[in-house]
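Written out below as structure tokens is the structure these notes cover.
The values are calculated or read from the model by the stated rules, or taken from the named source; none is laboratory data. This structure is a prediction, so every number in the text was calculated from the model and none was measured. As a convention, Cβ positions derive from the backbone with ideal geometry for all residues, glycine included, and neighbour counts pool all protein chains shown. Protein only, heavy atoms only, side chains kept; ligands, DNA and RNA dropped before computing areas. Shrake-Rupley method; radii C 1.70, N 1.55, O 1.52, S 1.80 Å.
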There are 2 protein chains.
Amino acid sequence: MTIREMCEAFDVTPRTLRFYEAKELLHPRREGQRRLFGKRDRARLKLILRGKRFGFSLEEIRQLLDLYHMDDSQETQLRKSYALAETHLAEMEAQRDELNEAIAELKDQMAWGARRLAELRRNSAAG
Amino acid sequence: MTIREMCEAFDVTPRTLRFYEAKELLHPRREGQRRLFGKRDRARLKLILRGKRFGFSLEEIRQLLDLYHMDDSQETQLRKSYALAETHLAEMEAQRDELNEAIAELKDQMAWGARRLAELRRNSAAG
DNA sequence: AGGAAAGATGACGTGAACGTAAACGTAACG
DNA sequence: CGTTACGTTTACGTTCACGTCATCTTTCCT
């Protein structure tokens, strides 16, 4: 996959992909001097963009990415990755819980607003 | 509440609070020239920090904040706020769903890692 | 061969969200 | 009455995550 195809598939700019490579979040292979993105790169980019939406920094994401290819690691590295994963999992679950709470509160506020609107409508109908 | 108390209560710096005021996210009243933060400011700051954790920009948060005091608004403003709230609610629910998916995937990866670790342990015990 | 299109590198620019330092006010303490 | 502590404004500095040229190859088309 060329850089352009990659950009269209994920709605990012070439600059972004080169930037991610410079930051070692992506490692496209080269054909001559051109970048070629494979299946693995697409999987990683998907995770990167997801991580961003959750508010993780690129550096945090870079570490997280290693968790998704713990394949050929030594036990020491595997343990480190696993521990990091536990931390991040806890963070994500906490964030989900807080998000649910925020959603509930926002719904409350909206219900209140809806009542106010209905009330205003009744008054204008009466007036 | 003084700025210092506020900082300790929410673990932010004075600079941050002044910055939020400059951006019109907070409106502490003044005693002479000193800032005094009330209950309302604490509620707002809580929402600000929450919003940040969910990846919203300060400008987005500023708009969201108005949703939480739709009290004395006119119908037109109330409708606008309500519509904005619906948009944000949808975003937050989408984010929650994606977060749940991400959590599930990460758990899968960790289960896989756990199996690898167990396997390595068996091998070293055998060796 | 000539020229547009796509991709690469390098360098500088930018907006968001603060950090940090300078210079000043003031209120309490010894 | 000095100084210590906390607060203020103003202004410039910094980090992150890219955007935006400028310049240079490589490739593809006619």
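A single member of B:Gly38, B:Gly51 is of a type in the set (Gly, Ala, Ser) and either near DNA strand C (Cβ under 9 Å from one of its atoms) or within 28 Å of A:Lys52 (Cβ to Cβ) (or both), and it is B:Gly51.
Listed by first and then second residue, the pairs with beta-carbon distance under 9 Å, at least 6 apart or on different chains, first residue in region B:36-57 and within 14 Å of chain A (Cβ to nearest Cβ), second hydroxyl-bearing (Ser, Thr, Tyr) and open to solvent by 20 Å² or more (accessible area, probe 1.4 Å), are B:Ala43/B:Tyr68; B:Arg44/B:Tyr68; B:Leu47/B:Tyr68; B:Gly51/B:Ser57. Each residue in region A:68-103 was checked for being part of a helix (DSSP H, G or I) and more than 8 Å from chain B (Cβ to nearest Cβ), and 11 of them qualify. Consider B:Leu106 carefully, then state whether it is part of a loop (DSSP other than H, G, I, E, B), modelled with pLDDT of 90 or more and among the aliphatic types (A, V, I, L, M). It is false that B:Leu106 is part of a loop (DSSP other than H, G, I, E, B), modelled with pLDDT of 90 or more and among the aliphatic types (A, V, I, L, M).
State whether one or more residues within region A:58-77 are within 13 Å of DNA strand C (Cβ to nearest atom) and open to solvent by less than 70 Å² (accessible area, probe 1.4 Å). Yes, region A:58-77 contains a residue that is within 13 Å of DNA strand C (Cβ to nearest atom) and open to solvent by less than 70 Å² (accessible area, probe 1.4 Å). Does A:Thr87 fit the bill of being under 30 Å from B:Gln63 (Cβ atoms) and either under 17 Å from the mean Cα position of the chain (by Cα) or not basic (Lys, Arg) (or both)? The answer is no for A:Thr87. Screening the candidates A:Ala22, A:Ala43 for the property of being away from DNA strand D (no atom under 11 Å from the Cβ) and among the aliphatic types (A, V, I, L, M) yields one hit, A:Ala43. The set of residues in region A:13-54 being open to solvent by less than 100 Å² (accessible area, probe 1.4 Å), over 22 Å from A:Leu67 (Cβ atoms) and part of a loop (DSSP other than H, G, I, E, B) consists of A:Thr13, A:Gly32.
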